[in-house]
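Only the coordinates and a few stated rules stand behind these numbers; no lab work does. None of these values were measured; they are calculated from a predicted model. Quick reminder, even Gly has a Cβ in these numbers, built from the backbone with ideal geometry, and neighbours come from all protein chains shown.
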Amino acid sequence: MMFYLLGAFSGDLWERHYLVWNLLLAWVAFGLSVWLYALLERRRWSDWVPLSLTAVWLCFLPNTFYMLTDYIHVPEGGTENITYNVVLFTSFITVSVALGFVSLALIHSELRRRLPAKTAWWLIGGIILLVSFAIYIGRYLRWNTWDILTEPAGILFDLSERVLNPTTHPQTFITTFLFFVLLSMGYYAVWKVTELLRGNKR
């Protein structure tokens, strides 16, 4: 029975390989933030290595929250498997989003060491806004992280079209705003919990 369940689970993952791939990209973003966090202990943020690493981290960070949009694939398995699909997708998405929030918190803590609290929050808010926009780009325009290097002209064309003609692309701003609100509230809760835990340790 156990081998049957494992076989069925691995078969489902094979069919939904994008879950494994997206989670791997989330781990990359998390790993980059841990690396940057450790690097900033001994180097200035203005040095080229931390700056370059920050840019790469920003490119991968949207992948951690992008998995929230994978819920659109839940009905693909049919209504008879809907509960199983919800549990499967939620397992992957929860880990990915948690990696994103922890990654963001690591960078936030470094910003707080160097900047006033309000300025750090403004920067984190700007990052969350960029991430929310990137989620829209990834889901609806189907651009990927590596397309920044391989297809920069195509990305710029799509972005300029939405900036120059915002009224013809209302979904761009609605989707970005909704994800910004959702992620901001989630991150604020996570940050407050970490502050509470730090206070208890003291």
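Okay, here's what the table says:
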read-out	value
Shape box of the chain [Cα atoms, principal axes, largest first, Å]	54, 51, 29
Estimated FRET transfer efficiency (S91, D47; beta-carbon r; R0 30 Å; 0.05)	0.20
The range 84-202 - charge dipole about Cα centre, Lys and Arg +1 at Cβ, Asp and Glu -1, debye rounded to 20	740
Unit charges on C-beta of K, R, D, E only; dipole of the chain, Debye	1180
Helix-only [θ]222 nm of the chain, DSSP H runs n ≥ 4, -39500 (n - 2.57) each, per residue, nearest 500	-27000 deg cm²/dmol
By average C-beta atoms within 10 angstrom, highest first, the peptides 178-191, 51-64	51-64, 178-191
Positive-end residue, the chain charge dipole about Cα centroid, Cβ charges, pick of G154, L182, A117	A117
Added length on full extension, which subtracts the Cα-Cα distance from 0.36 nm per residue, H17 to L39	4.6 nm
FRET efficiency, 1/(1 + (r/R0)^6) with R0 30 Å, evaluated for T83 and F173 via beta carbons	0.30
Lys/Arg +1, Asp/Glu -1 at C-beta; the range 36-98 dipole; positive extreme among V95, Y71, L40	L40
Axial C-alpha extent at least 15 Å, average Kyte-Doolittle at least 1.6 - helices from the chain (DSSP)	48-60
Sequence ranges 125-132, 38-45, ranked by mean other-Cβ count within 10 angstrom, highest first	125-132, 38-45
